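Reviewing the structure listed below.
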Amino acid sequence: MNQPAVSTVRAALAAGVLSLLAACSLLSQTPDPDRRTAIRKRVDYGLTSTEADSRLSGLGFACSRRSGEYLDESGKSREADQFLYCTERPGVVSFACQNRDQVTLVLRDDKVSGIEVRRGPSCEQTSPEALKIK
């Protein structure tokens, strides 16, 4: 490979790395304050996990029950025996990571004892079939 070709490849790689870094910074935004307020108004402390899941579903979230580590609103890793992890459903077909609102509801005795609302990357693939209303 000649010298100009090597320089071109290096420049292209550098540009690609910078683009990825810029994209990652876009994926670490906080949720819109109005959206956060709306979520906190709909989901109260003491709600059962079933009712909280239903209310978040009405706001466009899909929830799953989990245990172990989660991230709080400041990005700090926390741990809980049980929580609902809810991710905003995408509005378009996607096969890549997207920045979406995320809600973690910490559960104690199957009732909401903690509410964390963040915005971050979700890399779940969404096909056209998944967007159909059931």
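The values are calculated or read from the model by the stated rules, or taken from the named source; none is laboratory data. Here the structure is a predicted model, which means the values were calculated and not measured. No Cβ is skipped: glycine too gets one built from the backbone with ideal geometry, and neighbour counts run over all protein chains shown.
Quick look at the values:
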read-out	value
Pairs with Cβ under 7 Å, 6+ apart, first in region 34-51 and assigned by TED's automatic domain parsing to the domain that holds GLN102, second of a type in the set (Gly, Ala, Ser)	VAL43/ALA52; TYR45/SER113
One residue from LEU59, LEU84 being assigned by TED's automatic domain parsing to the domain that holds VAL117 and modelled with pLDDT under 95	LEU59
Members of region 65-82 that are part of a strand (DSSP E or B), under 15 Å from the mean Cα position of the chain (by Cα) and under 11 Å from VAL106 (Cβ atoms)	ARG66, TYR70
Test: residue in region 85-102 that is in contact with a Leu (Cβ under 6 Å, 6 or more places away or on another chain), under 16 Å from THR30 (Cβ atoms) and touching a residue at least 60 places away in the same chain (Cβ under 8 Å)	yes
